[in-house]
Amino acid sequence: MVKEVSVSTSKQVHFVNITDEVKKVVKESGVKEGHCHVYVPHTTAGVTINEGADPHVVSDIIMVMNRTVPFVDNDYLHREGNSAAHIKASLMGSSASVFVQDGKLLLGTWQAIFFCEFDGPRSRRLLVQVS
Amino acid sequence: MVKEVSVSTSKQVHFVNITDEVKKVVKESGVKEGHCHVYVPHTTAGVTINEGADPHVVSDIIMVMNRTVPFVDNDYLHREGNSAAHIKASLMGSSASVFVQDGKLLLGTWQAIFFCEFDGPRSRRLLVQVS
Amino acid sequence: MVKEVSVSTSKQVHFVNITDEVKKVVKESGVKEGHCHVYVPHTTAGVTINEGADPHVVSDIIMVMNRTVPFVDNDYLHREGNSAAHIKASLMGSSASVFVQDGKLLLGTWQAIFFCEFDGPRSRRLLVQVS
């Protein structure tokens, strides 16, 4: 069963820690041993797993991505003005997969799951399947 | 069961929309609820999910990748001359996973699956498993 | 069942070919048809699939990553001094998935699986599940 989670982003580029929401879906699924798959059904957002303790870690990721993939570039051909967001989405990827053991997400000590908004702020959807 | 799909690329760097081919494998599998895994068994090609409506989206992704990872660089040590293709393959990744619901790929409205050729043109293989 | 594999890295940035270790887990699992999922439970390391024959391929990947994501940057806000490692970890990703057929990993001819250390040298863990 695919469960849908709503994510609200408040900045143009915004990594939202969705670990608690994903943990809740795992718990409700009743699955004890398996996989949790997280999927972003958007083309200007992605998902990544990284440190959740210090918020500067994701702000540093965003800083380097913004520098490597400029928001404005005379060579962009896509007319909607959000080419940077599409490029960053492909660099982060649209899905993440974490093991489930004893009914819990098997994340490393410092790991958190982040919804990566690259063209916000917006209301977004996240799909989660535990199997 | 792993199904093999042939992909023909016609440029050195070429993102080929393979959504229809993957949908066909899902339909033939008979699986109603589950996952569709797409795997690229090459080291100079990858796979990504992004917008399929405007072809300029993928050409902008390619433009920024070509700028960040130059085709020719005096510091490359790999002698075959295709280091850029290997680097880009790792940045995009070798697999993608999409949920299957009601026998259909659960892609977002604007999402399409792209085979990412970085060292073409060539005849390539794509592996797809629905479970 | 999730199997843990130890990985020892000997350089600050070090791609360790872990294909043989993963193959061993696949063999011991007894699974004949399915998937092998590899997961890195760290936030300054990742995993990628690329060419294993010529070690210059991964050294070229590392060279371009080091250039794009500098080790030292006045704009980094994370105080531990390893922002570059976190950024590279997200670019490579924390998991990889390969099909299993006839009890064997279905890797392409030139493909190998690499543990990507970005903040070493260290003792690391790798989680592998075959299903």
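The values are calculated or read from the model by the stated rules, or taken from the named source; none is laboratory data. Note that this is a predicted model, so its numbers are computed, not measured. In this analysis, Cβ positions are derived from the backbone assuming ideal geometry, glycine residues included, and neighbour counts consider all displayed protein chains.
Pick from segment A:61-71 the residues that are of a type outside the set (Ser, Thr, Tyr) and more than 16 Å from the chain's Cα centre (by Cα): which of them is farthest from C:GLY46 (Cα to Cα)? The qualifying residue farthest from C:GLY46 (Cα to Cα) is A:PHE71. Just one of the numbered conditions (1) under 25 Å from C:LEU91 (Cα atoms); (2) within 14 Å of chain C (Cβ to nearest Cβ); (3) more than 15 Å from the chain's Cα centre (by Cα); (4) surrounded by fewer than 24 Cβ atoms within 10 Å (Cβ to Cβ) is not true of B:SER83: (4). Is there a residue in segment A:53-63 that is outside any helix (DSSP H, G or I) and touching a helix residue (DSSP H, G or I) at 6+ places or on another chain (Cβ under 9 Å)? Looking through segment A:53-63, none of the residues is outside any helix (DSSP H, G or I) and touching a helix residue (DSSP H, G or I) at 6+ places or on another chain (Cβ under 9 Å). Determine if segment B:94-115 includes at least one residue that is touching a Ser or Thr at 6+ places or on another chain (Cβ under 9 Å) and among the charged types (D, E, K, R). No, segment B:94-115 has no match at all. Taking residues in segment C:98-114 that are more than 7 Å from chain B (Cβ to nearest Cβ) and hydroxyl-bearing (Ser, Thr, Tyr), and partners anywhere that are part of a loop (DSSP other than H, G, I, E, B) and surrounded by 20 or more Cβ atoms within 10 Å (Cβ to Cβ), the pairs with Cβ atoms closer than 8 Å and at least 6 places apart or on different chains are C:THR109/B:PRO41.
Would you point out the residue of segment C:97-131, among those that are among the β-branched types (Val, Ile, Thr) and crowded, with 19+ Cβ neighbours inside 10 Å, that is nearest to the chain's Cα centre (by Cα)? Ranking the qualifying residues of segment C:97-131, first place goes to C:ILE113.
Comparison of B:LYS3, B:LYS11 shows that the only residue that is modelled with pLDDT of 95 or more and not in a strand (DSSP E or B) is B:LYS11.
Among residues of segment C:47-69 that are within 10 Å of C:PHE15 (Cα to Cα) and within 7 Å of another protein chain (Cβ to nearest Cβ), those with a beta-carbon under 8 Å from a residue that is of a type in the set (Phe, Trp, Tyr) and surrounded by 21 or more Cβ atoms within 10 Å (Cβ to Cβ) at least six positions away or on a different chain give the pairs C:THR48/C:PHE15; C:THR48/C:PHE114; C:ILE61/C:PHE15. For segment B:2-12, the criterion of being of a type in the set (Lys, Arg), under 30 Å from A:MET1 (Cα atoms) and within 14 Å of chain C (Cβ to nearest Cβ) is met by at least one residue. The residues in segment A:36-46 that are under 19 Å from C:VAL47 (Cβ atoms) and more than 7 Å from every other protein chain (Cβ to nearest Cβ) can be counted, and the count is 3.
Criterion first (in contact (Cβ under 8 Å) with a residue 40 or more places away in the chain and away from chain A (no Cβ under 11 Å)) does B:HIS78 satisfy it? No: the conditions fail for B:HIS78.
For segment C:86-96, indicate whether the set of residues that are among the aliphatic types (A, V, I, L, M), at the interface with chain A (Cβ under 9 Å from one of its Cβ atoms) and either more than 14 Å from the chain's Cα centre (by Cα) or farther than 22 Å from A:THR68 by Cβ (or both) is non-empty. Within segment C:86-96, one or more residues are among the aliphatic types (A, V, I, L, M), at the interface with chain A (Cβ under 9 Å from one of its Cβ atoms) and either more than 14 Å from the chain's Cα centre (by Cα) or farther than 22 Å from A:THR68 by Cβ (or both).
Of all residues in segment C:14-35, those being touching a strand residue (DSSP E or B) at 6+ places or on another chain (Cβ under 6 Å), under 27 Å from C:PHE118 (Cα atoms) and not in a strand (DSSP E or B) number 7.
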